[in-house]
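Read through the structure below, which is laid out as structure tokens, and then see the notes.
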Amino acid sequence: MVSQTDLIRLEEAGNLSGLFHERVRRTPDRAAYTHFDAGSQTWVDTTWREMALEVGRWQAAMHREGLQPGDRVAIMLRNAREWVVLDQAALGLGLVTVPLYTDDRPDNVAHIVEETGARLLVVNGRRQWRHLQEVQAGFNSLKRIVSLGNIEMEDGARDKHLESFAEWSFGCHGEPQRSGADVGELASIVYTSGTAGRPKGVMLTHGNLLGNAWAVCDVEPLYADDVFLSFLPLSHTLERTGGYYFPMFYGARVAYARSVQQLGEDLRAVRPTVLISVPRVYERLHARITKNLSRKSPLARGLFELAVNVGARRYERSLGLTAWRPSQWLWPVLDHLVASKIREQLGGRLRFAVCGGAALAPRLAREFSALGIPVLQGYGLTEASPVVSVNRPADNRFDSIGAPLKGVEVRIGADSELLVRGPNVMRGYWQDEEATRIALKDTGWLRTGDQVRQDEAGRLYITGRIKDIIVLNNGEKVPPSEMETAICLDELFDQVVVAGEGRPYLSALVVLNPEAWPAFAAACDVDPADPEALLDRFVERRLLQRIGRALHDFPGYAQIRRLSARLEPWTLEEGLMTPTQKLKRRRILTLHENDLNRLYEGNGDG
């Protein structure tokens, strides 16, 4: 358990640099970060003292480079302790960090680097550099590009500003410096991974990020032996605040996953106690559970359903929502036979998991919480640093995004729009006064674009998104995101975009699971390898039947009547998905405009 001497108070940290330095002072020899070493094939710890030495080396190199307070430093690194080192080195010198997604499109990277006037860009190595070479002419503001790995001459014509970290930092060392920055000083410019339009640079101060992480501490305390597994990009503010600054207040250890593809192995190896994730992780695990159950006996499927139902009642009783029932005597057996097996897939030690970034189906939150994996759904946005509200372990509602954090004010404006005000709200958008004025309403209240209701206990519930609401030509309004979430609970569907704005009925663009498609095609008596099979009307009707079952709880007008299916996923590289796996609806609808028009031919529309 963390003692009072281990927990750093907000006033003791002062700013983000102070938080790191105070942590080093308090627990220099405690393991801070864990990574997988490919050479030894083992997980290796780094202490806080070792982190401080690395920060000092980076700062000495930055000094030699001539970087001045206020200069921008772009970080294009995958999740690793080096990300933290670079962030702290920059913050300690009064520099402003600009996080970049490692797999972002080169033109986006060039735009962000140029718009922020970044002086230093740090990349992982050869693969990233090759990815960026096509836009290097646009890096006019850069003074130096540093690669953590060596970049050989045979990689092609090297940019004159490009150096490996070993070359750039040769002979550099020194004590890490702590910034005296005021909480109102700019700490980072974080570009939103918006689902429409070009991303905007959100200006976040030391006070925004530090205060938001401190407010999260009020949700649930951590312990010295708590372990986070970090796999969401640190360039995303949810992971940065919740998986980097928040555990630093307590000195909890953070392990870095090797990749999303190896996440299952890493969960079992690291055995985290806290997990920060997005809904897709739970959706995929649910789909895998459902697929495995479909191959088992009716008895096994019945046991699973019984475990979920009894576990849910047991969990709800722990929250004071229901009374004890005799069926709960069965829990020890059901836990042994069913629930413990599911928990082991996530490492077996999770105390709680936080889910954000998009809406999680209440059904999934209930299922995992019932099996002993409490899932706390929250809500936030980059402009709010990012956490606005979250469910508490002692007050968890599966269909809610929880109550606002301490110190965060909310109110409901016109069109039921959620408005937010507090120390976590951004300074504004980088070099975009008009967008800042619109977002902050000239009053400091941040417009979120999300529609909510609030109950008597202060809990918030998302009811829709102002810009994403589909209005059919009969005036009926439909929230597409909720429908898409419900459809994707079926393992056959990997990605879905519901359409129908101004149309007589709803249609959908769907990406099918390539592993589930062959069996479904065989059942439809078509060749899964034949591209024409996806256009077959009988196949379409069968797919619509599956979707109809997924949407059985939705109103009659909120049903899909036509669809266009494909096997190729929409990807980040194509600019059709954000790094947090949210689809860019408008771009996808524009790209498939002809397909959509075909779905409405002969119906007096399109």
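Values computed for the structure shown
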{"read-out": "Residue identified as assigned by TED's automatic domain parsing to the domain that holds Gly92, surrounded by 20 or more Cβ atoms within 10 Å (Cβ to Cβ), touching a Ser or Thr at 6+ places or on another chain (Cβ under 9 Å) and in a strand (DSSP E or B) among Leu238, Leu204, Leu222", "value": "Leu204"}
{"read-out": "Pick from segment 280-335, criterion at pLDDT 90 or above and hydroxyl-bearing (Ser, Thr, Tyr), ranking: surrounded by the most Cβ atoms within 10 Å (Cβ to Cβ)", "value": "Tyr315"}
{"read-out": "Segment 457-483 residues that are under 21 Å from Ala361 (Cβ atoms), paired with ones that are of a type in the set (Lys, Arg) and part of a loop (DSSP other than H, G, I, E, B) (beta carbon under 7 Å, 6 or more apart)", "value": "Arg459/Arg397"}
{"read-out": "Count - residues of segment 87-146 that are surrounded by fewer than 19 Cβ atoms within 10 Å (Cβ to Cβ), among the hydrophobic types (A, V, I, L, M, F, W, C) and closer than 25 Å to Gly56 by Cα", "value": "0"}
{"read-out": "Members of segment 135-153 found to be more than 14 Å from Glu167 (Cα to Cα) and modelled with pLDDT of 85 or more, listed by number", "value": "Val135, Phe139, Asn140, Ser141, Leu142, Lys143"}
{"read-out": "Every residue from segment 102-129 that is among the charged types (D, E, K, R) and over 21 Å from the mean Cα position of the chain (by Cα)", "value": "Asp107, Glu114, Glu115, Arg119, Arg126, Arg127"}
{"read-out": "Meets criteria (at pLDDT below 95 and out of contact with any Pro (no Cβ under 9 Å at 6 or more places or on another chain)) for Gly475", "value": "yes"}
{"read-out": "Conditions (1) within 24 Å of the chain's Cα centre (by Cα); (2) of a type in the set (Val, Ile, Thr); (3) farther than 26 Å from Ile112 by Cβ: number failed by Val425", "value": "(3)"}
{"read-out": "Subset of segment 363-388 that is outside any loop (DSSP other than H, G, I, E, B), of a type outside the set (A, V, I, L, M, F, W, C) and over 30 Å from His336 (Cβ atoms) - its residue that is farthest from the chain's Cα centre (by Cα)", "value": "Glu383"}
{"read-out": "Any hit, segment 250-270, residues being over 21 Å from Phe36 (Cβ atoms) and surrounded by 24 or more Cβ atoms within 10 Å (Cβ to Cβ)", "value": "no"}
{"read-out": "Whichever residue in segment 157-168 is assigned to a loop (DSSP other than H, G, I, E, B) and either farther than 21 Å from Thr102 by Cα or not assigned by TED's automatic domain parsing to the domain that holds Leu132 (or both) and, among such residues, is modelled with the lowest pLDDT", "value": "Ala157"}
{"read-out": "Residue identified as in contact with a helix residue (DSSP H, G or I) (Cβ under 9 Å, 6 or more places away or on another chain), over 25 Å from Met483 (Cα atoms), among the aliphatic types (A, V, I, L, M) and not in a loop (DSSP other than H, G, I, E, B) among Ala435, Ala439", "value": "Ala439"}
{"read-out": "Filter pass, Ala38 being in the same structural domain as Gly243 (by TED's automatic domain parsing), more than 28 Å from the chain's Cα centre (by Cα) and closer than 21 Å to Ser164 by Cβ", "value": "no"}
{"read-out": "Members of segment 314-362 found to be within 19 Å of Asn292 (Cβ to Cβ) and either part of a helix (DSSP H, G or I) or basic (Lys, Arg) (or both), listed by number", "value": "Leu334, Asp335, His336, Leu337, Val338, Ala339, Ser340, Lys341, Ile342, Arg343, Glu344, Gln345"}
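The values are calculated or read from the model by the stated rules, or taken from the named source; none is laboratory data. Here the structure is a predicted model, which is why all the values come from computation and not from measurement. Glycine gets a Cβ as well: all are built from the backbone with ideal geometry, and neighbour counts include every protein chain shown.
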